[in-house]
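**Student:** My questions all concern the structure below.
The values are calculated or read from the model by the stated rules, or taken from the named source; none is laboratory data. Just so it is clear, the model here is predicted, and its values are computed rather than measured. Quick reminder, even Gly has a Cβ in these numbers, built from the backbone with ideal geometry, and neighbours come from all protein chains shown.
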Amino acid sequence: MSLPEKGRDVEELLAEISRLKQDDLPVRGGKVTAYVYDTGRPQVHEAAARAYFEMLEVNTLDPTAFPSVVEMERQVVGAVAELLGGGCGIFTSGGTESIMLAVKAARDFRPVAGRPRMVVPVTAHPAFHKAAHYLGVTVDAVPVDPMTFRASVAAVEAAITEDTVLVVASAPSYPQGVVDPVAEMAAIASERGVLCHVDACVGGWLLPWLREAGAQVPPFDLSVPGITSLSCDLHKFGYSPKGASVVLFADPALRRRAYFASASWPGYTVINATVQSSKSAGPLGGAWATLQALGRDGYLELGRATLAAARRLREGIARIPGLRVLGDPESALVAFGSDEVDVFVLSDEARKRGWFLQPQLSYAGIPANIHITVTGVTLRGVEAMLEVIAESARAARERGPVTLPAGLVELVASLDLDALDDAAFGELAASVGVDLGGSGQPEMAVVNAVLDALPASRREAILIRFLSVIYA
Ligand SMILES: Cc1ncc(COP(=O)(O)O)c(C=O)c1O
């Protein structure tokens, strides 16, 4: 875009946005089984959108200038604390920011002699690796049980050192939707004088409702001894618009370590509870309104529907020839793999049929698989979803696994990326049939198969290059 010479009319702009969005996955309706969370209740989304808009231009930078922010945040954080075992908290822009603040608080709470370290199961979200990268903390990755996908308590215990500042547990971890042995991990951390964070970004605002609806959910919140902080995303199963998460701390002294203040310049005084400084209060307004518009009843009803859909999906997938559900998840996240059909081809086949099923690469001994996040809206389309999975599995079986050009993986593995500029990288991808400049809904099986064959560090280098090329 070049800046228009004269300002343009709003209707024209909105029409253009519609055109820009025409290849996007749909955010409503339940056919996209990751990224988006749909209640299936338009009036709730409308309440959120209107409240978001109402708070849009309020800047959370200075709580003394906009006291509405303090009151709203107190109410939202208070609701989360009430459901999840108490504590005090911070409203943040998402799971990653909540985790970043929990890691910062842990790093600064009890300074260690060496470089600070944290113990992180391999199934924990990459936000912990990102926080470690930004904050100068070393990750000690620990394995999970190969059958249950839950963190190994013995491995956690063995990985704690003098310099460990944090042990991480997930409730649930995203890839297979299972809850780590949170209480045991917290007890071990506490015995060794180490803080323990529970990543309940996905589960915090889901598991309590599933439990009330009849699911077996182990204790995972701040009421469990030894848990010192917990993250809970309202923009996931809270169904709020994006930009809404809460990080809770058991102790206000720990929360203070997450804060930042600076008076070291001649400008206005900076006090930040979050990574961002100036930011819109829109997401806070949206989250506040969503909680109020749904209420306990609404969440419980969504929880019941979610539980019923997740059970039906697990049982239905297990009956599809060649597919198997991974682990025995307590949550509403379902992953399935196959020894007979290529799951990356299956995912492309589903996409052709108008459904997005999220592929996950193999890692740490866990095979490549497909991930489905079941939400409040899934139940009404669960039979259709199962049919699409069965049809896509049949089609994938007929097509057979992706065959990569001979030597491609070796070539990508040995590429000197520093010697290639973005244009040359794009040309190389095109030469093997991968169009990085393409629009629409792309076939991803080849890309996923190549990535799957590479070690994680190489995958990361290639993904960073991909990002650089698509934003060229
Ligand atoms: C378990 C878990 N933690 C953290 C995150 C990161 O959340 P966000 O994408 O809001 O930063 C996610 C996202 O899916 C997640 O599943």
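**Student:** Can V69 be described as of a type in the set (A, V, I, L, M) and either more than 16 Å from the ligand (Cβ to nearest atom) or in contact with a Gly (Cβ under 7 Å, 6 or more places away or on another chain) (or both)?
**Tutor:** Details: of a type in the set (A, V, I, L, M): yes; either more than 16 Å from the ligand (Cβ to nearest atom) or in contact with a Gly (Cβ under 7 Å, 6 or more places away or on another chain) (or both): yes.
So V69 fits the description; yes.
**Student:** Return yes or no: is G354 among the small types (G, A, S) and more than 17 Å from V202 (Cβ to Cβ)?
**Tutor:** Working: among the small types (G, A, S): yes; more than 17 Å from V202 (Cβ to Cβ): yes.
Considered against the rule, which asks whether it is among the small types (G, A, S) and more than 17 Å from V202 (Cβ to Cβ), G354 comes out as yes.
**Student:** Pick out, from the range 114-209, the helices (runs of 4 or more DSSP H) lying fully within it that include 1 or more residues that are within 16 Å of the ligand (Cβ to nearest atom).
**Tutor:** Result: 127-135, 182-191.
**Student:** A further question on this structure: Please specify each residue of the range 1-51 satisfying the condition of being among the β-branched types (V, I, T) and surrounded by 12 or more Cβ atoms within 10 Å (Cβ to Cβ).
**Tutor:** Scanning the range 1-51 gives V27, V32, T33, V36, T39, V44.
**Student:** Go through (1) within 25 Å of A310 (Cβ to Cβ); (2) touching a His at 6+ places or on another chain (Cβ under 9 Å) one by one and return the number of the condition V182 breaks.
**Tutor:** Going through (1) within 25 Å of A310 (Cβ to Cβ); (2) touching a His at 6+ places or on another chain (Cβ under 9 Å) one by one, V182 breaks only (2).
**Student:** Kindly indicate whether any position in the range 394-405 is part of a helix (DSSP H, G or I), touching a residue at least 60 places away in the same chain (Cβ under 8 Å) and closer than 30 Å to V27 by Cα.
**Tutor:** Taking the range 394-405 as the starting set, the residues that turn out to be part of a helix (DSSP H, G or I) are 394-399.
Filter again for touching a residue at least 60 places away in the same chain (Cβ under 8 Å), leaving 397.
When the remaining residues are screened for being closer than 30 Å to V27 by Cα, the result is 397.
Yes, because at least one residue in the range 394-405 is part of a helix (DSSP H, G or I), touching a residue at least 60 places away in the same chain (Cβ under 8 Å) and closer than 30 Å to V27 by Cα.
**Student:** What helices (runs of 4 or more DSSP H) lie completely within the range 413-472 and have 2 or more residues being surrounded by fewer than 18 Cβ atoms within 10 Å (Cβ to Cβ)?
**Tutor:** 422-431, 456-470
**Student:** Of the residues that make up the range 215-235, is at least one more than 16 Å from the ligand (Cβ to nearest atom), of a type outside the set (D, E, K, R), assigned to a helix (DSSP H, G or I) and over 18 Å from A105 (Cα atoms)?
**Tutor:** No, every residue in the range 215-235 fails to be more than 16 Å from the ligand (Cβ to nearest atom), of a type outside the set (D, E, K, R), assigned to a helix (DSSP H, G or I) and over 18 Å from A105 (Cα atoms).
**Student:** When S68 is evaluated against the numbered criteria (1) assigned to a loop (DSSP other than H, G, I, E, B); (2) hydroxyl-bearing (S, T, Y); (3) surrounded by fewer than 19 Cβ atoms within 10 Å (Cβ to Cβ); (4) at negative phi, which criterion, by number, is the only one it fails?
**Tutor:** Against the list (1) assigned to a loop (DSSP other than H, G, I, E, B); (2) hydroxyl-bearing (S, T, Y); (3) surrounded by fewer than 19 Cβ atoms within 10 Å (Cβ to Cβ); (4) at negative phi, S68 comes up short only on (1).
**Student:** S347 versus (1) within 26 Å of P455 (Cα to Cα); (2) at pLDDT below 95; (3) not aliphatic (A, V, I, L, M): which is the lone unmet condition?
**Tutor:** (2)
**Student:** Here's a follow-up. If you check every pair at least six apart or on different chains, which have Cβ atoms under 9 Å apart with a residue in the range 313-325 that is more than 15 Å from I370 (Cα to Cα) first and a residue that is among the acidic types (D, E) and modelled with pLDDT of 95 or more second?
**Tutor:** These pairs meet every condition: P321/E340.
**Student:** Another one. Take V246 and decide whether it is touching a Ser or Thr at 6+ places or on another chain (Cβ under 9 Å), not in a loop (DSSP other than H, G, I, E, B) and not aromatic (F, W, Y). I'd like the intermediate steps shown before the answer.
**Tutor:** Details: touching a Ser or Thr at 6+ places or on another chain (Cβ under 9 Å): yes; not in a loop (DSSP other than H, G, I, E, B): yes; not aromatic (F, W, Y): yes.
In short, yes.
**Student:** Would you check which residues across the range 318-345 are of a type in the set (A, V, I, L, M) and either surrounded by fewer than 22 Cβ atoms within 10 Å (Cβ to Cβ) or farther than 24 Å from V144 by Cβ (or both) and list them?
**Tutor:** Filtering the range 318-345 for residues of a type in the set (A, V, I, L, M) gives 318, 320, 323, 325-326, 332-335, 341, 343, 345.
Selection gives A318, I320, V325, V341, V345.
Yes/no matrix, rows are residues, columns are (1) within 23 Å of L307 (Cβ to Cβ); (2) in contact with a helix residue (DSSP H, G or I) (Cβ under 9 Å, 6 or more places away or on another chain):
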| residue | (1), (2) |
| --- | --- |
| C232 | yes, yes |
| P266 | no, no |
| K279 | no, no |
| W288 | no, yes |
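**Student:** Does the range 70-77 include one or more residues that are among the aliphatic types (A, V, I, L, M) and touching a Cys at 6+ places or on another chain (Cβ under 9 Å)?
**Tutor:** Applying the first criterion (among the aliphatic types (A, V, I, L, M)) to the range 70-77 yields 70, 72, 76-77.
Okay, now just the ones that are also touching a Cys at 6+ places or on another chain (Cβ under 9 Å), so 77.
Yes: the range 70-77 contains one or more residues that are among the aliphatic types (A, V, I, L, M) and touching a Cys at 6+ places or on another chain (Cβ under 9 Å).
**Student:** Counting just the residues of the range 1-27 that are of a type in the set (S, T, N, Q) and part of a loop (DSSP other than H, G, I, E, B), which one comes out modelled with the highest pLDDT?
**Tutor:** Among those that are of a type in the set (S, T, N, Q) and part of a loop (DSSP other than H, G, I, E, B), it is Q22.
**Student:** Next up: Looking at L61, L84, which one is within 16 Å of the ligand (Cβ to nearest atom) and not basic (K, R)?
**Tutor:** Within the list L61, L84, the selection yields L84.
**Student:** While we're here: Any idea which residue in the range 87-113 is nearest to V69 (Cα to Cα), counting only those that are within 16 Å of the ligand (Cβ to nearest atom) and in a strand (DSSP E or B)?
**Tutor:** Among those residues, the one meeting the criterion is F91.
**Student:** Being in contact with a Gly (Cβ under 9 Å, 6 or more places away or on another chain) and charged (D, E, K, R) is the filter here, so list the residues in the range 146-163 that pass it.
**Tutor:** Matches in the range 146-163: R150, E162, D163.
**Student:** With respect to A308, determine if the residue is buried (at least 21 other Cβ atoms within 10 Å of the Cβ), of a type outside the set (S, T, Y) and in a helix (DSSP H, G or I).
**Tutor:** Working: buried (at least 21 other Cβ atoms within 10 Å of the Cβ): no; of a type outside the set (S, T, Y): yes; in a helix (DSSP H, G or I): yes.
Taking the combined requirement at face value, the residue does not satisfy it.
**Student:** For the range 248-255, check the following and say yes or no: at least one residue is basic (K, R), touching a residue at least 40 places away in the same chain (Cβ under 8 Å), more than 11 Å from the ligand (Cβ to nearest atom) and in contact with an Asp or Glu (Cβ under 7 Å, 6 or more places away or on another chain).
**Tutor:** Checking the range 248-255: not a single residue is basic (K, R), touching a residue at least 40 places away in the same chain (Cβ under 8 Å), more than 11 Å from the ligand (Cβ to nearest atom) and in contact with an Asp or Glu (Cβ under 7 Å, 6 or more places away or on another chain).
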